[in-house]
2 protein chains.
Amino acid sequence: MVTLKDIAQKVDRSVTTVSRALAGCPDVSKETIRIVREAAQEMGYVPNSMAQRLQKQSSDTIGVVAPVSSKGYAEPFFCEFLAGIGEQAAQFGYDLLVAYAQEHNEMGIYRKLVSGRKVDGFILSRTLVDDPRAHYLHSIGFPFAAFGRIDGMQDYPYVEEDGEYAMELVAEHLVSRGHTRIACICPPQSVLYSKVRLEGLRRGLESRGIRLDPEMIGMGAFDQEDGYAHACTLLEHPHPPTAIVGFNDLIAFGAINAGKDRGLRIGSELAVTGFDDIPMAAMYRPPLTTVRQPIKEIGQMVTSSLIDTIQEKYSKTGRDGLVAESHQDTVSHRQLLLRPNLVVRNST
Amino acid sequence: MVTLKDIAQKVDRSVTTVSRALAGCPDVSKETIRIVREAAQEMGYVPNSMAQRLQKQSSDTIGVVAPVSSKGYAEPFFCEFLAGIGEQAAQFGYDLLVAYAQEHNEMGIYRKLVSGRKVDGFILSRTLVDDPRAHYLHSIGFPFAAFGRIDGMQDYPYVEEDGEYAMELVAEHLVSRGHTRIACICPPQSVLYSKVRLEGLRRGLESRGIRLDPEMIGMGAFDQEDGYAHACTLLEHPHPPTAIVGFNDLIAFGAINAGKDRGLRIGSELAVTGFDDIPMAAMYRPPLTTVRQPIKEIGQMVTSSLIDTIQEKYSKTGRDGLVAESHQDTVSHRQLLLRPNLVVRNST
DNA sequence: CTGAAAGCGCTAACAC
DNA sequence: GTGTTAGCGCTTTCAG
């Protein structure tokens, strides 16, 4: 592996000069720059990243801890999200480190990554109401950006779709289709988006004179199987719903199946909506009415925010360790609440 | 951040001794070891990985380059695969670096990762007939392990399900159900598993006196949409199939939809099989008959192989750079061909 | 059993 | 403009 030293030897300059020439330092003669770069080129020089990182005291790496167990996430969704993160990170010269949390020690992995200085910042997703990850990182001043807001925390960067508004759209849509008995199936209320959406749905219905019956709420679902089970229960209710709002597409698929298995005609006898608009949503039968989340783009945005945060921190501590008074201001620029779209298909 | 130096200062020993004590070097007094470890513990010492890596000249990191564009892969499948890799890597103290290839420069990213010494080895998946990635890595002696065999390359570690045998099972199953007009929809033949499975299907059918009509082969599909389109074409054929073999589950879903949209009763009037057994396969309607691939476990296995390979290389070049004569032998232990299972559900 | 010194490859402060 | 020196944090000879 060719190093600066090798080049230095070959062009008969010092290692320092070579380093500077490569960096394009202004106080190196044009001539030297040319010579050095040429040599580097033909020798196939590539800097040793570990050496650079050791010296810079930064890892140029962004960390993502994958949700505990596949159960915790609509996978196709996470995959796209990751792709968005990875692409954006690469754009800015960052690597992407993906770690998998073991069941009962999600925090441990964050601590390990932090203290081993393996990453410069984290992307958080599926934020919780009182998110321990966010609290931890916040408390030690470690950069992170989240896909999703966090209750009881203000000054941190996030991107999120306005779940409340989204549910307003869903409510409006279903009511306009004549539904009055409306159910929903959602993840546990500890998952913030679940709480927000539920609240949004409740309000959206109430403002249209419809009450969201507590018995019409299936709580604690993540995937298709859960969705199926909850939908079955709902449909067996003495006063069953004519519409089911799934809080993600997988849940909605499960609900559709439950309806089908009972001989209901989806779309007419039972309406089902989802959330996310994963690729399969359009390909399901019937195609799913759902709230679109441009998940890859969201991954990119949240990554940009994170990188901003990292570099801001770096430039600050690099200078004097002083935290600018305008912290709150600069952060607020990185709080994005996206306006969602409802994609209407044949499941409603 | 606490360093060896800090500990050394505190316990009044040299940095060297502290390092050795922490490493559990036998020639350090019990007493010193105790003292040092205690101090390290309470000071919250964690080694700086960049420093370790620079000095060890290894990154303790495994690289995975995600397939170009989401189109290239059944995503839920890739996600699980990645999880298997990540978990196994963590088990052995390796990090997982995930990179995303841009459209026309997949090789570039491999080169970059190699020359920047960012990873110690790669996991390859969806191998191609004449896989450029494998050839490149092989030619420079860089460790890798593949999910899938590679035509024209022998001595490298891989894990694969026996696609030929799998198709034998599928053929047997369909024929035993009375099908004689059987079609299939597969990815391009440059994808090795596609070639292998197609060959297997052809043979499986022929040995039962059935010819695989070239017009019954839909070529170049990856996802549900492609599967749908090809299935439509097949079903519009003057002599349409009564069974369609999808080369992955997404393709099969597409075929099921195409059949449904034509009013065919899936399972009786049109049989459809898949491959992979992604979680959704059991939840589709009708549930999909498919060949099971324990993808997460495969991820773990292939990662183990890779780590073996890395460590073997390291111990060799570490000693004298000599390659043992038994290379071929040790590699062959890492060539696993798994026996697949057919999961029969209602789509056939 | 312990420590001093060297070095992994790179960058940066400080000369000349 | 360029070189010398120092240092990032760690491991590893080589001496004692």
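The values are calculated or read from the model by the stated rules, or taken from the named source; none is laboratory data. If you're wondering where the values come from, they're calculated on a predicted model, not measured in any experiment. Cβ placement follows ideal geometry from the backbone for every residue including glycine, while neighbour counts extend to all protein chains displayed.
Odds and ends about this structure:
- Within the stretch A:230-274, the residues that satisfy the criterion of being within 13 Å of chain B (Cβ to nearest Cβ), assigned to a helix (DSSP H, G or I) and over 32 Å from the mean Cα position of the chain (by Cα) are A:K260, A:D261.
- Within the stretch B:20-38, not a single residue is more than 9 Å from DNA strand D (Cβ to nearest atom), over 19 Å from A:L113 (Cα atoms) and touching a Pro at 6+ places or on another chain (Cβ under 8 Å).
- Residue selected from the stretch B:107-129 under the condition closer than 25 Å to B:E297 by Cα and part of a loop (DSSP other than H, G, I, E, B), by the criterion nearest to the other protein chains (Cβ to nearest Cβ): B:V119
- Hey, A:P287 surrounded by fewer than 20 Cβ atoms within 10 Å (Cβ to Cβ), modelled with pLDDT under 95 and not assigned by TED's automatic domain parsing to the domain that holds A:L96 or not: no
- Only one of A:A21, A:A39 that is within 11 Å of DNA strand C (Cβ to nearest atom), surrounded by 12 or more Cβ atoms within 10 Å (Cβ to Cβ) and either assigned by TED's automatic domain parsing to the domain that holds A:Y94 or assigned to a helix (DSSP H, G or I) (or both): A:A21
- Taking first residues from the stretch A:36-51 that are touching a residue at least 40 places away in the same chain (Cβ under 8 Å) and within 11 Å of A:D6 (Cα to Cα) and partners that are of a type in the set (A, V, I, L, M, F, W, C) and crowded, with 20+ Cβ neighbours inside 10 Å, the Cβ contacts under 7 Å between residues at least 6 apart in sequence or on separate chains come to A:M43/A:I7; A:Y45/A:I7.
- Within the stretch B:275-295, the set of residues being more than 10 Å from every other protein chain (Cβ to nearest Cβ) and under 22 Å from the mean Cα position of the chain (by Cα) comprises B:F275, B:D276, B:D277, B:A281, B:T290, B:V291, B:R292, B:Q293, B:P294, B:I295.
- Search result, residues across the stretch B:5-18 that are touching a residue at least 24 places away in the same chain (Cβ under 8 Å) and near DNA strand C (Cβ under 10 Å from one of its atoms): B:V11
- Scanning the stretch A:298-319 for residues that are within 13 Å of chain B (Cβ to nearest Cβ) and at pLDDT 95 or above, we see that the one that is surrounded by the fewest Cβ atoms within 10 Å (Cβ to Cβ) is A:Q300.
- Only one entry of B:Q52, B:Q9 meets the criterion of being over 27 Å from A:G108 (Cα atoms) and among the polar types (S, T, N, Q), and that entry is B:Q9.
- Hits in the stretch B:228-239 - residues which are in contact (Cβ under 8 Å) with a residue 12 or more places away in the chain and either out of contact with any helix residue (DSSP H, G or I) (no Cβ under 7 Å at 6 or more places or on another chain) or surrounded by fewer than 17 Cβ atoms within 10 Å (Cβ to Cβ) (or both): B:A229, B:H230, B:T233, B:H237, B:H239
- Any hit, the stretch A:59-76, residues being closer than 23 Å to A:R117 by Cβ, more than 9 Å from DNA strand D (Cβ to nearest atom) and of a type in the set (D, E): yes
- Each residue in the stretch B:77-102 was checked for being among the acidic types (D, E) and either within 16 Å of A:P76 (Cβ to Cβ) or surrounded by 21 or more Cβ atoms within 10 Å (Cβ to Cβ) (or both), and 2 pass.
- Boolean, A:L54 is aliphatic (A, V, I, L, M), within 14 Å of DNA strand C (Cβ to nearest atom), under 25 Å from A:L137 (Cα atoms) and in a helix (DSSP H, G or I): yes
- Residue-level check: of (1) within 30 Å of B:P187 (Cα to Cα); (2) facing chain A (nearest Cβ under 10 Å), B:I62 misses just (2).
- B:R181 fulfils the conditions (1) surrounded by fewer than 18 Cβ atoms within 10 Å (Cβ to Cβ); (2) closer than 16 Å to B:A258 by Cα except for a single criterion, (2).
- Residue in the stretch B:131-144 that is at pLDDT 95 or above, hydrophobic (A, V, I, L, M, F, W, C) and assigned to a strand (DSSP E or B) present: yes
- Selection status of A:A89, farther than 23 Å from B:Q88 by Cα and in contact (Cβ under 8 Å) with a residue 60 or more places away in the chain: yes
- Residue in the stretch A:3-18 that is acidic (D, E), in contact with a helix residue (DSSP H, G or I) (Cβ under 7 Å, 6 or more places away or on another chain) and not in a loop (DSSP other than H, G, I, E, B) present: yes
- Selection status of B:D60, crowded, with 19+ Cβ neighbours inside 10 Å and either in the same structural domain as B:I310 (by TED's automatic domain parsing) or charged (D, E, K, R) (or both): no
- B:Q52 more than 8 Å from DNA strand D (Cβ to nearest atom) and within 14 Å of chain A (Cβ to nearest Cβ): no
- Annotation note: Cβ proximity below 6 Å between a residue of the stretch A:93-106 that is facing chain B (nearest Cβ under 7 Å) and a residue that is hydroxyl-bearing (S, T, Y) (sequence gap 6+ or interchain) occurs for A:D95/A:T61; A:L97/A:T61.
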